[in-house]
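Structure, as structure tokens:
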Amino acid sequence: MSNSVTTPAASLTELASVSAFFSELQKEITAASEASSLAVLVMSLQRSDRIAALLLDEYAEEVKQQFLLRVHPILRSKDKFVFVNENECWFILPQLSSEALSVLAVHRLLNELHIPIKVNDRTIFLTPSIGIACAPMHTQSAFALLRIADTAQKHAHAANLKFLMAATEESNQVIAADLPELLGEVLDANSLVMMYQPKVDLASRRMVSVEALVRWPSDHPQAVPTNILIDVAERTGLIESLTLRVLNNVMRDYCNWKAGGEDILIWVNLSTRLLELEQLPKILQRVLHVWDVPTSAIGLEITESAFIHDIGHSTDLLFELKKLGFHLSIDDFGTGYSSLAYLRRFPIDELKIDCMFVQGMSSSIQDKQIVQSIIDLGHNFGLPVIAEGVETAETLAELEALGCDQVQGYFFARPMTAEQILAWRHDFHSKPAND
Ligand code: C2E
Ligand code: MG
Ligand code: MG
């Protein structure tokens, strides 16, 4: 079975035993510089009893291989893990510049692992829950660190949370349990910030639109990455209020630009949870109406995995939004259930390749092939294809060679404020290379 799985060249290390894990962990803690942190993750997989009973040895190996395929692209070559048993895996993430990075890694792992895996026509939900503990923040002892992470995992599971960072003595870390309250306060104070990142057309080297990305207020005593902000909003039912705040801020910025003679198409991300909301088209329409903004000024980015649940409903919704005049994009394409059938059915305007594949292109032939096939797929359906997460000139050149239409990423610009965008675009368009 394992022969059928190809892992990327630079991959994290699997340790052979629990004792190897302990000695490695103690070694890393001792070797850590003062400026860096280390995180231990205890991940427990709660597969249903029925499925577990079906898991013959042969399946267990295949499940493990598929699990690893999901995990490998996310973690770094210096990260290490051990399988304690079929349902439990421990990770060491050494040399982190801050503890928050462990939460980011956990978030990405959960995003990947919540998509069920298929083994010989069986659909298996892994349902992971993760406990996190960090050295030196929690302790410097390998054994104690693992015990703290293990307790955090048990608390996460009991509280129905996907992950939990262990509380510190001072208990002033951002932990999953505190965030809903903080988010409620930030929404009440209307202090979320909007940033905009340009989408650049490759043939003309012009900024053709921007994507609106929400940010936690930078002057808040706690720092919260956007991924986690959205996840908490989705899980606490605050996503509707968050989206209304985002939309109103976007409308305000659009109107300010418009007043200065600029008509810039703005793409807004729509959370998966919102798609279940029957009144969604009406809510969107109402906000635009209040600001007197035409629907054609707004694009909606919907992540591909949003369509897994109910294809029929998703199709109806997309048609309704399209009829109202919104532009539609499928975000994070390649991470969900990419299917030719739905592409043919959906009234969409562009495909957006997930940054995971874009960033893997230069080191992985598979990722390059995936990017190539998404571009070809889009073009076969008459859709422009945009690549996100373009950070280097090398990736840009590769994408151009593959026929990609637009790009977005740090190579051209990081997300900026509404004011900065205008100045950036002016500079970008006046560069000789872009004439
Ligand atoms: P997304 O829509 O796929 O957005 C792309 C993410 O990649 C953004 O992260 C962006 O800042 C980041 N990015 C852009 N260029 C590069 C690059 O060159 N390298 C790297 N490493 N990253 C790059 P961000 O802003 O943290 O947003 C994360 C996700 O949160 C977004 O993924 C989107 O799904 C969601 N999100 C952001 N803003 C909103 C919002 O207002 N509403 C909703 N519902 N979701 C949002
Ligand atoms: Mg997006
Ligand atoms: Mg994306």
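Quick grid of which residues meet (1) open to solvent by 30 Å² or more (accessible area, probe 1.4 Å); (2) more than 28 Å from W216 (Cβ to Cβ); (3) within 16 Å of ligand 1 (Cβ to nearest atom); (4) more than 25 Å from the chain's Cα centre (by Cα):
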residue	(1), (2), (3), (4)
G389	no, no, yes, no
T392	yes, no, yes, no
F411	yes, no, yes, no
R414	yes, no, yes, no
A418	no, no, yes, no
R425	yes, no, no, yes
F428	no, no, yes, yes
K431	yes, yes, no, yes
Scanning the stretch 229-252 residue by residue, those open to solvent by 20 Å² or more (accessible area, probe 1.4 Å) and farther than 30 Å from A156 by Cβ turn out to be N248, R252
Which condition from (1) under 20 Å from A233 (Cα atoms); (2) modelled with pLDDT of 90 or more is the one that K258 breaks?
(1)
So which strands (runs of 3 or more DSSP E) stay within the stretch 281-374 end to end and still have 3 or more residues that are in contact with a Cys (Cβ under 8 Å, 6 or more places away or on another chain) and either within 16 Å of ligand 1 (Cβ to nearest atom) or modelled with pLDDT under 90 (or both)?
none
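Here's the yes/no breakdown for (1) in a strand (DSSP E or B); (2) open to solvent by 10 Å² or more (accessible area, probe 1.4 Å); (3) not charged (D, E, K, R):
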{"site": "S204", "(1), (2), (3)": "no, yes, yes"}
{"site": "S218", "(1), (2), (3)": "no, yes, yes"}
{"site": "I264", "(1), (2), (3)": "no, no, yes"}
{"site": "N269", "(1), (2), (3)": "yes, yes, yes"}
Name the pairs: first residue in the stretch 142-159 and in contact (Cβ under 8 Å) with a residue 60 or more places away in the chain and closer than 17 Å to S23 by Cα, second residue open to solvent by 40 Å² or more (accessible area, probe 1.4 Å) and not small (G, A, S), Cβ to Cβ under 8 Å, at least 6 apart or on different chains?
A142/F22; A142/Q26; F143/F22; L146/F22
Is there a residue being outside the structural domain of D367 (by TED's automatic domain parsing), buried (at least 18 other Cβ atoms within 10 Å of the Cβ) and in a helix (DSSP H, G or I) anywhere in the stretch 122-138?
no
Would you confirm whether or not the stretch 234-241 contains a residue that is within 16 Å of ligand 3 (Cβ to nearest atom) and closer than 23 Å to L318 by Cα?
yes
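The values are calculated or read from the model by the stated rules, or taken from the named source; none is laboratory data. The shown structure was predicted, so the numbers you read here are calculated from the model rather than taken from an experiment. Here the Cβ is made from the backbone with ideal geometry for all residues, glycine too, and neighbour counts use every protein chain on show. Note: areas computed on protein heavy atoms with side chains; ligands, DNA, RNA excluded. Shrake-Rupley method; radii C 1.70, N 1.55, O 1.52, S 1.80 Å.
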